[in-house]
Each structure stands twice: as C-alpha cells, then as structure tokens.
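Enquirer: Quick one: the structure is below, and I'll ask about it shortly.
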Amino acid sequence: MITSILNFYKVGKELGLTKKEINQVMIFDNRKHAFLWRFLLFFVMLLILMSWFNTLLFLTQKINQNVYASGTLYSTVKLKEFKKKFHVI
C-alpha cells in the first residue's frame with residue numbers, strides 16, 4: 001500500500017501537480033461537502049484516540065488494583081472444609 005501511495009505521488013509530480021493538489025485528490029476530492037468530510041474524519045480519529053486512551057487508563061487501573069483490601073488477611077479456608085460441606089449422605 002505504501003508503494004502504491006509513493007507511485008501515486010510520483011505520477012502526480014510527473015504530471016506537474018503540486019503536493020497540495022496531490023493531497024486534495026488523494027484524501028478529499030473537491031466535492032460539495034469537503035469540509036464536512038474533513039470534520040467527520042477528524043472527529044472519528046479523535047474518538048478513536050480518546051477511546052484508546054480511556055481503555056489504556058482503565059486497564060492500568062485494573063492491573064494496579066489489589067485483590068484484597070489493605071489490612072485484611074488472606075483466606076484461610078481449607079479444602080477439607082469444602083468436602084465436609086458438600087458431603088452427601
């Protein structure tokens with residue numbers, strides 16, 4: 001894909017187009033609502049970036065969260081106690 005983009009720029013330069021004209025053709029045509037499409041693209045990219053950042057922030061908080069509250073002791077339940085509880089007569 002990168003090679004095709006570079007070829008596109010090369011052909012544009014051979015035709016005598018400026019870099020700005022090549023970018024306009026490649027990214028946005030001179031259509032009726034070009035500003036709207038640019039704004040929507042920027043908005044979608046911003047949403048993706050914000051959701052990625054929030055996910056990263058949420059995951060780092062979950063990783064750093066302790067399993068047990070501070071000051072509590074670990075569970076002392078033994079396997080024998082479960083066997084006694086579920087023993088069927």
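Enquirer: So how much slack lies between Gln24 and Met45, counting 0.36 nm per residue of separation and subtracting their Cα-Cα distance, in nm?
Expert: Values: separation 21, 0.36 × 21 = 7.56 nm, distance 1.87 nm.
Stretched fully, the Gln24-Met45 segment lengthens by 5.7 nm.
Enquirer: Convert each backbone phi in region 38-45 into a coupling constant with the Karplus relation 6.51 cos²θ - 1.76 cosθ + 1.60 (shift: θ = phi - 60°), then list the ³J(HN,Hα) values in order as whole Hz, x for Gly and Pro.
Expert: 5, 5, 5, 5, 4, 5, 5, 4
Laboratory data are not the source of any read-out in this text; all were calculated from the coordinates shown. This one's a predicted model, so the numbers in the text were calculated from it and none came from an experiment.
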